[in-house]
Protein chains: 2
Amino acid sequence: MPGEVTLTFRSAVRADVPAILGLLADDDVSRDRGFGVVPESVDAAIWAAFEAIAVDDRNELIVAVDGDEVVGTCQLTFIPGLSRGGGERMLIEAVRIGSGRRGQGLGGELIRWTVERARERGCRMVQLTTDKRRVDAHRFYAALGFTASHEGFKLAL
Amino acid sequence: MPGEVTLTFRSAVRADVPAILGLLADDDVSRDRGFGVVPESVDAAIWAAFEAIAVDDRNELIVAVDGDEVVGTCQLTFIPGLSRGGGERMLIEAVRIGSGRRGQGLGGELIRWTVERARERGCRMVQLTTDKRRVDAHRFYAALGFTASHEGFKLAL
């Protein structure tokens, strides 16, 4: 159908890293934090982080792809724990949809896919935090069934 | 000096698990969630979670010990990521101080120790969420330098 988007979701490969960095930087809150510039080349610390994720079966760097274009990303971390009967929890971090593609329902598709990923793995809980300034994001996650039950505290080192 | 407590902090061993489960259950919010009863024996899912943490160099189950007594616990997860220049973030989960030992500054000692652990490892960020009902905890983390900058969303599966 005209206008319909069919996203695919997969683990990121090295060739996706520049596009992911672009998505991470393309964001008002990241710009406020001083991370709004896409580096001209990917430095060693970023490659090391990419490789650390790639070999860790409790971390998955996900891309949402439309044709050949990376239009969204997020990172999933599966955390074992003794709470809640010993089930894993899944943490979602670094969710981004490209600024030119927002408002088209792609974020909802991405998050619903991650929740299915958590169910498939047997997780008992999905959790994420979002900056208090991201009021649209708060409505978005509530509409997807999440509850804003917690305060999210951060300490930059 | 009389009344002075010197805690030690270390990774949990199998023998600590019953005490940790006791601490996790000894909490009003956990009771509300239906996890307020300490199981009579530690079941297989809990042992599996303990072993998963023990062999994972990005997860540490910590106990705070006073003499022979486990008086506190928390879990640390070190998360690699492409944000913030490729630095790790440290997530703190499942923080508990035994109900008979609260109000003695032990929680502050525990959290300061974890922040040192994050610095030692080179983390760029420490983060945690705490239930919105835990108003005392909010003051506690703010006093330790944390900022309540985020909304914490959860989805139980």
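The values are calculated or read from the model by the stated rules, or taken from the named source; none is laboratory data. Treat the numbers as computed from the prediction; the structure is a model and nothing was measured. Ideal geometry is used to build each Cβ from the backbone, glycine not excepted, and the neighbour counts take in all protein chains shown. Please note that ligands, DNA and RNA were not included when accessible areas were found on the heavy atoms of the full protein model with its side chains. Shrake-Rupley method; radii C 1.70, N 1.55, O 1.52, S 1.80 Å.
Chains A and B together bury roughly 5600 Å² of accessible area, counting both sides, with a 1.4 Å probe on protein heavy atoms only. Remark: region A:65-78, residue by residue, has Karplus-estimated 3J(HN,Hα) of 10, 10, x, 9, 9, 7, 10, x, 7, 6, 10, 10, 10, 9 Hz, where x stands for each Gly or Pro and the curve is 6.51 cos²θ - 1.76 cosθ + 1.60 at θ = phi - 60°. Starting from the Cα gyration tensor of region B:77-157, take the square roots of the eigenvalues, sort them a ≥ b ≥ c, and report rounded, prolate or oblate (rounded when a/c is under 1.5, otherwise prolate if a/b is larger than b/c, else oblate). It is oblate, given that a/c is not under 1.5 and a/b is not larger than b/c. Note on B:S149: accessible area is roughly 30 Å² with a 1.4 Å probe, heavy atoms of protein only.
In chain A, helices alone account for a calculated mean residue ellipticity at 222 nm of -9500 deg cm²/dmol, with every DSSP H run of four or more residues adding -39,500 (n - 2.57). Across the options A:T147, B:G122, B:S30, the greatest Cα extent toward the positive end of the charge dipole of the protein assembly as shown (unit charges at beta carbon of Lys, Arg, Asp, Glu) belongs to A:T147.
Summary for B:E69: label point 7 Å along Cα→Cβ; distances to the equivalent points in the other copies, ascending, 6.3 nm. Rounded to the nearest 20, the Cβ-based charge dipole of region A:7-143 about its Cα centre (Lys and Arg +1, Asp and Glu -1) stands at 720 debye. Annotation: extensible slack from B:E51 through B:D68 equals 3.9 nm (criterion: 0.36 nm per residue apart, minus Cα-Cα distance). Label point of B:S41 (7 Å along Cα→beta-carbon): distances to the other copies' equivalent points are 6.1 nm, sorted ascending.
The rotation axis taking chain B to chain A passes closest to this chain B residue's Cβ, listed with the gap in Å: B:G152, 2. Taking Lys and Arg as +1 and Asp and Glu as -1, the other residues whose beta-carbon sits under 11 Å from that of A:A94 total +1. I need the shape label for chain A. Rule: rounded when a/c is under 1.5, else prolate if a/b > b/c, else oblate, with a, b, c from the alpha carbon gyration tensor. The shape class here is rounded.
Take B:V13, push a point 7 Å out from Cα through the beta-carbon direction, and compare it with the same point in every other copy: 4.7 nm, smallest first. Counting other Cβ atoms within 10 Å, keep those with at most 11, restrict to DSSP loop, and tell me which trypsin sites (Lys or Arg not before Pro) in region A:94-157 are left. Sites meeting the loop and neighbour criteria: none at all. Ordering B:A19, B:A44, B:G105 by Cα displacement along the dipole of chain B toward the positive end leaves B:G105 in first place; charges were set at the Cβ atoms of Lys, Arg (+1) and Asp, Glu (-1).
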